[in-house]
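As structure tokens, the structure follows; a few thoughts come after it.
The values are calculated or read from the model by the stated rules, or taken from the named source; none is laboratory data. Because the structure is a prediction, the values reported are computed rather than measured. Here the Cβ positions follow ideal geometry from the backbone for every residue, glycine too, while neighbour counts run over all protein chains shown. Each accessible area value is taken on the protein alone, full model and side chains, heavy atoms only, with ligands, DNA and RNA left out. Shrake-Rupley method; radii C 1.70, N 1.55, O 1.52, S 1.80 Å.
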Amino acid sequence: MRLRRLMYDVRMLVTRRQREELLNDEIAFHIEQQAAQNERLGMSRAEALRVARATFGAIPATKEDFRDVSGFSFLESVANDARFGARRLLSRPVFSATVVATLALGIAASTTVFTVLNAVLLRPLPYDRPAELVTVWEHSRRSAQPGANHEDIAPANLFDWQRLNRSFVGFAWYNRSVATLGGGDEPEQVVTSGASASLFPLLGIRPVLGRFIREDEAVPGAERVVVIDESLWRRRFAADPKILGRTVTLDAVGYRVIGVAPAGGGFPRETAVWTPLTLSASSWATRNAHYLDVIARLRPDVSVSAAQIEINAIAAQLERQYPTTNADLGVNLISLTDELVGSVRPSLWLVFGAVAFVLIIACANVAGLFLARAAANQGELALRRALGASRRRLVQQVLTESFLLSAVAGFLGILIAIWSTQSLARFSPVAIVPASGSLGLDLHVAAFALALALATAVVFGLAQATGAGESALQAHLKRGGQQALMGSVQQRGRRVLVAAELGFTMVLLAGAGLMVRGLAATARVDLGFRPTHVFTAEIRLPGARYSAGSGLSERFYARLIGDAKQIPGVEAASAVFMLPFGRDNRVYSFRTASEPATPQRANFRVAAPGYFGTMGSPMLSGRDISWTDSADGRRVVVINKTMAECFWPGRSALGQVIRIRTDTTPVEVVGVVADMKYFGHEAQPEPEMYVPHAQVQVNAMTVVVRTRDNPSRVAASFAAAVRALDSEIALGRVSTMTDLIDASLAVRRFTRGMLSGFAAAALLLSGIGIYGLVAYSVTQRRREIGIRVAVGARPRDVLTLVTASELRTSAIGIVVGAVVALMLSRALAASVPGLVMPDPIVLLTAAGLLAVAALLASAIPAIRAAREDPVAALRTN
């Protein structure tokens, strides 16, 4: 029924011109008939027509009554109001442009941030039933390290979990690394993952080409096969559909390509190449080597918390069965969504809250403009009401104008949001960009922007419609058309708007100030080394040509370090396995001579001679690793201060002997070095041991070079030195140490930048809003001010009169905002490490900025009013 009525209304609207012509003809016919009758009564033609028109009545009112009775007036009246409203808005370009610009910027900022929020947090992961996926980690109860609940898993423990659980559909395991990909013009390092055959089926991913790894290919001795990522396939192989069956080389070993995984749908996120992860029977029996990353799928009827309870019970059982390897070892389940985006969730919600405040402030500005406009339009509304317009038509008119403004603002806001979202994606830290690598407007974002535009249209239309009340219009007519002063309700509304703007701005300024102060404090944290003027480069030697035990790896890095020292501007050079602020960690067990039966745990590093001197980390006692610590020499280790204090408290650790993992060879402590921050500025130091590279040869090392000036200048010379030693070696991540540290703070810097930008925008909007409202208030009080000046008031008195009430209102907003900022800042401090609460300097600075802005915004129109000619002011209506 409603649809049929709507179609009828639309049809009537479409045929409006024909209907108007028929209506005009009908009215003309009636007038002509009456005129003819008047002529028969003896009137002249002109007199007959005049009397006929007078008898017929007002033609516009008759047409309006006909439209109302016909029942198709609503759409037509809306169309008429839209045309009339467009003309009115175009006749007031300053007001219209101000409203559209303010709303467009608010909608654009909100839509941009919501686009990121939707892409990163709200949009489901590109896997089948992602809510059932969890990552599984072992948890060392002895460690206070923030990442201790993310330790790799021993294969034997994983085997028992699969055998004993009832909560999981299946498990998949993988092992991330880097490898040199050959077969092209230039070798390149790519992130690789050795994966179980169950990984892709567990995630529910389908290949773009070919197939994924089979069970029979993930066993020792099987053919070497590889799955490549779609992005790598398109970039390096030009999306060649004949890639299947082609051989590519990884670390100088040939692999047959069997499939292409979809871009953004692979796992782990950075992986470009997947190979089968083969585990022998002896590997599945290992509990003292932890090197597997694990993902699992829950049964549909099992929650994460229920599965956690069951796997905790299994871990306790294994701890009782294997106390030597599983003591104090728990299991931690984390949903895959939390694993991928949990670290950025607080920052994104914080930024979204900040932009919501900016939108509210923008809306408060526009609301103030509409309030002022409503008072100014009372004369027109009163006249239309007196001529017979209903209140519904008056409200409809102002709502239509509001919808026009909001529609234009929403359209411009979406255009700005599209541009700003693309810019934000380019400059955002990697952790903010979603797994798909793209940010864009989808239906959810479009619906959000449309809802914002509609909400603002309704709110501001209703705010303006408050001036269409019967009592207000009658009062205006009684004043004889003289402009009305704001009523008490409008005055209170204006003061509430001013206080609310300042309160929200105070919260934003305080939040931005806290982030700035927190990051400044973080930058002053002692890292245990000097990161400036340090160049780093990751290198991975292919095992096929640098086999374990051959000594080739040691000789390569020794020659490379020597060549690096000859580069102009280089002060020192060395290499390390596990660089601070790097991507990975290794934890090994060891036994002390005093407690040989009790295994302990410490972070494991491999270092070349001169590493601590190159990093600028002071030796507290003993010596650094030297070139005399050869493979045939006495086994030695350098430990950090925390390890020395934990296991040899109150005595010297030098000369103490430990045995690492299952090796029975004694290793002597020859040096104690200062604690280095490996995992972040707030990370607590943990026991760490450094063994010479000559005695534990690894192929993957990070070369560190200390320079006298800009470390980036040695990059080209260093790359040439590597090519001179082995032209088939590809450099991995090349960076300065300060860039690596900055990357660890990228999300915080992003949050700080966004909050600071929004706070500056809020401060500007608040100042403009206060200025506009005060200027309008002064305009309404021109006669009063003119009278005061005429009877002897000085300019200073007028200035005090105008600014005093505004400053009182501003003070209320600032105080309320400071209280809210204190409450919200505690939550901010809990989610963002490094913040100190409370911070009176931040609050006082923010309050001072707002007070100055409010004073200036109030004083400018007040000074103008104080200088105005009182005679001209008294003549105003």
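Some notes on this structure:
- Magnitude of the charge dipole, region 543-650, Cβ model with Lys/Arg +1 and Asp/Glu -1, debye to 20: 220
- A straight line joining the Cα centroids of region 228-254 and region 307-346 runs 37 Å.
- 5 angstrom amide H check on VAL587, placed H, neighbours 5+ away: PHE604
- Size of charge dipole - region 295-356 - debye, nearest 20, with Cβ of Lys, Arg +1 and Asp, Glu -1, no other charges: 120
- Per-residue packing, averaged as other Cβ atoms within 10 Å, sorts the ranges 504-510, 444-450 into the order 504-510, 444-450, beginning with the highest.
- Fraction of accessible area attributable to carbon and sulfur, region 164-295 (%, probe 1.4 Å): 49
- Taking a ≥ b ≥ c as the square roots of the eigenvalues of the alpha-carbon gyration tensor, region 570-660 is classed prolate because a/c is 1.5 or more and a/b outweighs b/c.
- Eigenvalues of the alpha-carbon gyration tensor of region 214-292, scaled by 5 and square-rooted, set the equivalent ellipsoid semi-axes at 26, 15, 10 angstrom, largest first.
- Prolate/oblate/rounded label for region 497-556 (Cα gyration tensor, a/c 1.5): prolate
- Probe 1.4 Å, protein heavy atoms only - accessible area per residue of region 133-245 in square angstrom: 44
- For TYR771, solvent-accessible area (1.4 Å; no DNA, RNA or ligand), Å²: 80
- Shown in residue order for region 190-203 are the 3J(HN,Hα) couplings computed by the Karplus curve 6.51 cos²θ - 1.76 cosθ + 1.60 at θ = phi - 60°: 10, 7, 10, 9, x, 10, 6, 5, 7, 5, 5, x, 5, 7 Hz (x for Gly and Pro).
- Distant-in-sequence amide H partners of LEU620 (H built 1.01 Å from N, under 5 Å): VAL672, VAL673, ALA674
- Exposure check, 1.4 Å probe, all protein chains in place: TRP627 carries approximately 140 Å² of accessible surface.
- Centroid-to-centroid, using Cα positions, region 657-703 and region 714-761 are 25 Å apart.
- Gyration tensor verdict on region 664-729 (Cα atoms; rounded if a/c is under 1.5, prolate if a/b is larger than b/c, oblate otherwise): oblate
- With every protein chain in place, region 634-763: carbon and sulfur % of accessible area (1.4 Å): 50
- Carbon plus sulfur fraction of accessible area for region 87-142, probe 1.4 Å, in percent: 67
- Each Lys and Arg contributes +1 and each Asp and Glu -1, all at the Cβ; summed about the Cα centre of region 205-316, the dipole is approximately 360 debye.
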